[in-house]
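None of the figures in this text is laboratory data; all of them are computed from the coordinates on show. Note that the structure is a prediction, hence the values are computed from the model and not measured. Cβ placement follows ideal geometry from the backbone for every residue including glycine, while neighbour counts extend to all protein chains displayed.
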Amino acid sequence: MTPTSPMTFADTLLPNAFRHRRVFVTVALPLMVATALAAVGAFGTYIGMALPLRLLHFICIGLVIGGLIAALSACLRRFWFDGELPFWAVLAVAVVMALPGAWLTYQSLAFWAPRTLPYVSARELLAQVVLVNVLISSGVWALRRRATPPAEMDKEAPAPVHSDQSLRGKLPAPLRHAAILSLSAEDHYVRVRTGQGDALVLMNLSTAIEALGASAGVRIHRSHWVSRRLAEAAATSGSRHGIRIDEHTVLPVSRAGRKLLNDL
């Protein structure tokens, strides 16, 4: 398990501000769309619902479906991509969650306004929920990227052209052109963390570091290496708690690794 350590107030203040902005746009956009749907009486609700009831219906449905999408997205970010989802994954989640979303919408209509059901077929309802999910998810994805700290955006920068393919060639296709943030030894494997996620590669750590080149980063510990960008940021901040890779991962720095950082 990757060691972790508490962050100082100075370390967390700016990232927390950006995190709050991302949470805000994740909640605000679905609520705005729900309000707009209520105003126009979408899904045939103009037939059997007054505006206050339509607002209640769509806001509740928006919060529930949005919560389900957010929960699935959080699981994927945590256990699969180790970071922000790529756009194709955002669209996939939106489409997958349309089925339970359509069912919830139908049940809500049946409860609040059963007179609207003859005017809404299951196929039309599913198509409409897919469209709404895709539009909201795309908007949230774009807004979250704008609310992402510059340091995290740097993680997604294209990898240097001189990176050796003996390492990148072993990565899953979606990660091969992502910026490599760190390498960690795990038994006979190396965990490669990138701006688009991480993967285990059958290779020893020294070979992986050699593949990237001496100028690509710094070996901060016998089991860990970080990119030059992260190493320089750690050297500048002077943090003694290790080097933070993302919200869930902090890599330890050995005494020899600290000396290398100080020499940058």
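What does the extension gain come out to for Ala173 and His241, with contour length at 0.36 nm per residue minus their alpha carbon separation?
On the way: separation 68, 0.36 × 68 = 24.48 nm, distance 3.32 nm.
Full extension from Ala173 to His241 adds 21.2 nm.
Please check which bits of the range 211-240 a label hung off His248 would reach, taking the label as a point 7 Å along Cα-to-C-beta and the cut-off as backbone N under 11 Å.
Zone members listed by number: none at all.
Mind jotting down the distance between the C-alpha centroids of the range 77-138 and the range 47-72, whole Å?
The range 47-72 and the range 77-138 have Cα centres spaced 11 Å from each other.
List the residues, sorted by chain then number, that are 5 or more residues from Glu186 or on another chain and whose placed amide H is less than 5 Å from its amide H.
So Glu186 has HN proximity to Arg191.
When the chain is fully extended, how far beyond the present Cα-Cα distance does Asp263 get from Leu55, taking 0.36 nm per residue of separation?
Numbers: separation 208, 0.36 × 208 = 74.88 nm, distance 6.04 nm.
Length gained, Asp263 through Leu55: 68.8 nm.
Using a basic spin-label model with each label point 7 Å from the Cα along Cα→Cβ, how many nm lie between Ala142 and Trp80?
For the pair Ala142/Trp80, the computed spacing is 2.4 nm.
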